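The values are calculated or read from the model by the stated rules, or taken from the named source; none is laboratory data. Note that this is a predicted model, so its numbers are computed, not measured. Methodologically, a virtual Cβ is constructed for each residue, glycine included, from the backbone with ideal geometry; neighbour enumeration extends over all protein chains shown.
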Amino acid sequence: MTTEPGSRVFDYTIDGDDVVVSLGEDWLRFARENDAPELSRESVIGHCLWEYVAGEATCELYGVIFRCVRDERHTLVLPFRCDSPDRFRFMQLAIESGEGRELRIRGRLLREQVRPPLKLLDRLVTRSSDPLAICSVCLRVQILGTTWVEAEEAVERLDLFAFSELPPLDYRVCGDCVVLARGLGADAPASGA
Ligand SMILES: [Zn+2]
């Protein structure tokens, strides 16, 4: 099953201090569908965006992108993944400068595809042991300290089926995504890995 390209749009606006000032209805619906009902309009508006972003490297990457868009006053478009345990989701994030230092941020679902459920991406499972690095942009998982592979491949190669509890996910940014962001014009950090 696939959805119509661009059929769902998730938008929000942040002010010059990265505080969320408005949220689209579809953004809230998407949070509810993805086991994050705590993200309501009341709980998000007026709060700093970084409270909701997982991982220091992710904040750093988006911080650099935001600064670039604000300074250059242009729009930057970044592909990213926002999978759920049973869906591959290929998305696009458009960051556009608005009034003053305000930014209008629009996530667009380009393609969605059903996958066999992958517990590793389930927000609700119990986790223990050493964390596993996952790229918050492309959702690939780091194995053997250097290689980034699709989550399914990581589960197989690390034999995570054999574990009764899954490792916690440590959200980072892989080298390829740093290079990608830099290619878009953002002077990204040297490496988030
Ligand atoms: Zn990546």
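Side notes on the structure shown:
- Selection count where residues are farther than 15 Å from Leu93 by Cα and touching a strand residue (DSSP E or B) at 6+ places or on another chain (Cβ under 7 Å), scope segment 4-22: 6
- Residues in segment 144-170 that are of a type in the set (Val, Ile, Thr) and closer than 19 Å to Arg115 by Cβ were compared, and the one that is modelled with the lowest pLDDT is Val155.
- The set of residues in segment 179-193 being of a type outside the set (D, E, K, R), at pLDDT 60 or above and closer than 22 Å to Glu96 by Cβ consists of Leu180, Ala181, Gly183, Leu184, Gly185, Ala186.
- Arg73, sole failed condition from (1) away from the ligand (no atom under 13 Å from the Cβ); (2) at positive phi; (3) touching a Phe, Trp or Tyr at 6+ places or on another chain (Cβ under 9 Å): (3)
- Positions within segment 136-156 being free of Cβ contacts under 8 Å to residues at least 24 places away in the same chain and of a type in the set (Ser, Thr, Tyr), in sequence order: Thr146, Thr147
- Within segment 120-171, the residues that satisfy the criterion of being charged (D, E, K, R), surrounded by 13 or more Cβ atoms within 10 Å (Cβ to Cβ) and closer than 21 Å to Ala54 by Cβ are Asp122, Arg127, Arg140, Glu150, Glu152, Asp170.
- Enumeration of residues in segment 104-135 that are touching a residue at least 60 places away in the same chain (Cβ under 8 Å), more than 28 Å from Val19 (Cα to Cα) and among the basic types (Lys, Arg): Arg111
- If you go through segment 28-48 and keep only what is in contact (Cβ under 8 Å) with a residue 60 or more places away in the chain and on the phi < 0 side of the Ramachandran plot, you end up with Asn34, Ala36.
- Enumerated helices (runs of 4 or more DSSP H) restricted to segment 1-108, each holding at least 1 residues that are under 15 Å from the mean Cα position of the chain (by Cα) and surrounded by 17 or more Cβ atoms within 10 Å (Cβ to Cβ): 25-33, 56-72
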